[in-house]
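The values are calculated or read from the model by the stated rules, or taken from the named source; none is laboratory data. Small disclaimer: the values here were computed from a predicted structure and weren't measured. Every residue, glycine as well, gets a Cβ built from its backbone with ideal geometry; the counts of neighbours run over all protein chains shown. Heads up: the accessible areas ignore ligands, DNA and RNA and are worked out on the full protein's heavy atoms, side chains in. Shrake-Rupley method; radii C 1.70, N 1.55, O 1.52, S 1.80 Å.
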Amino acid sequence: MDSSSAFERAHTDGVGQAALAAAGEISAVELLDAAITRVEATRSLNAVITDLFDRGRAQAAALDASGVLRNGRAGPLTGVP
């Protein structure tokens, strides 16, 4: 999936994001990247004091690689940043 369509798909609530991830329509990394894009677009709000984006990307990549999202054993919000 290209990054623009992933970004557009990620503009839903957490339950919708979890459903997209569980269906394999978007990855945890794509969800996180969309969230980071939104955070960076609103940096002036100072809503994120210390970003842990690199750590989050590593964890999302590990989650994607594990297959947990696709095997039906994920929790209800697994993969949602």
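Looking only at residues in region 63-81 that are free of Cβ contacts under 8 Å to residues at least 60 places away in the same chain and open to solvent by less than 60 Å² (accessible area, probe 1.4 Å), which one is nearest to Val15 (Cα to Cα)?
Only one residue tops the list, namely Gly75.
Of all the residues that make up region 8-56, how many are open to solvent by 90 Å² or more (accessible area, probe 1.4 Å), on the phi < 0 side of the Ramachandran plot and either modelled with pLDDT of 90 or more or more than 11 Å from the chain's Cα centre (by Cα) (or both)?
First, the residues of region 8-56 that are open to solvent by 90 Å² or more (accessible area, probe 1.4 Å): 8-9, 11, 13, 15, 40, 43-46, 49-50, 52, 54-55.
Still in the running and on the phi < 0 side of the Ramachandran plot: 8-9, 11, 13, 15, 40, 43-45, 49-50, 52, 54-55.
Right, trim to either modelled with pLDDT of 90 or more or more than 11 Å from the chain's Cα centre (by Cα) (or both) and you get 8, 13, 15, 40, 43-45, 49-50, 52, 54-55.
Total meeting the criteria: 12.
Based on what the data block shows, is Ala74 on the phi < 0 side of the Ramachandran plot, modelled with pLDDT under 90 and assigned to a loop (DSSP other than H, G, I, E, B)?
On the way: on the phi < 0 side of the Ramachandran plot: yes; modelled with pLDDT under 90: yes; assigned to a loop (DSSP other than H, G, I, E, B): yes.
Taking the combined requirement at face value, the residue satisfies it.
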